[in-house]
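These notes are about the structure you will find just below.
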Amino acid sequence: MGDRANARSLRAGLLEERYEVVEAIHTRPCELARELCDLLLQSVFHAQIAHDAGRFNFDDVAREISAKLVRRHPHVFGDMQLRRFARGAPEMG
C-alpha cells in the first residue's frame with residue numbers, strides 16, 4: 001500500500017474487466033450491467049489519474065463520447081447538433 005495507482009498499474013484491471021464484459025455478453029447476460037459498471041469504473045479511474053496529472057478529466061471523456069456519436073451518426077444528430085458540439089455547447093438533455 002502507499003503506491004499511487006497509474007495508468008500502467010491499472011492496465012491489468014482494465015483488460016480483465018473488458019474480458020468480463022465480453023464473457024457476460026456470451027454466457028451471463030443477466031450480469032452484463034454489473035460488468036459494464038466495472039468497466040466504466042476503470043475509465044473513471046484512468047480519467048482521475050489523467051486529471052491529477054493535468055491532462056484531462058472525465059468531463060472531457062464524456063464530451064469525446066458525445067462528439068464521436070455525432071460524427072458517426074450524422075443521420076441521427078444532423079448538422080445543427082454537430083455545430084453545437086463543435087462550439088462546446090452543453091450536451092443534449
Quiz item: For residue 7 and residue 51 in one chain, what is 0.36 nm times their gap in residues minus the Cα-Cα distance, to one decimal in nm?
Solution: 14.7 nm
Self-check item: segment 1-56 shape via C-alpha gyration tensor axes, a/c threshold 1.5
Solution: prolate
Quiz item: Relative to the compact globular guide of 2.2 N^0.38 Å, what is the alpha carbon radius of gyration of segment 18-83, as a ratio?
Solution: 1.43
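Out of the trypsin sites (Lys or Arg not before Pro) in segment 1-68, which ones are loop residues according to DSSP with at most 12 other C-beta atoms within 10 Å?
Numbers: sites: 4, 8, 11, 18, 34, 55, 63, 68; in loops: 4, 8, 55.
Loop-located and lightly packed - 4, 8, 55.
None of the figures in this text is laboratory data; all of them are computed from the coordinates on show. Here the structure is a predicted model, which means the values were calculated and not measured. Don't worry about glycine lacking a Cβ; one is built from the backbone with ideal geometry, like all the others, and counts go over all protein chains shown.
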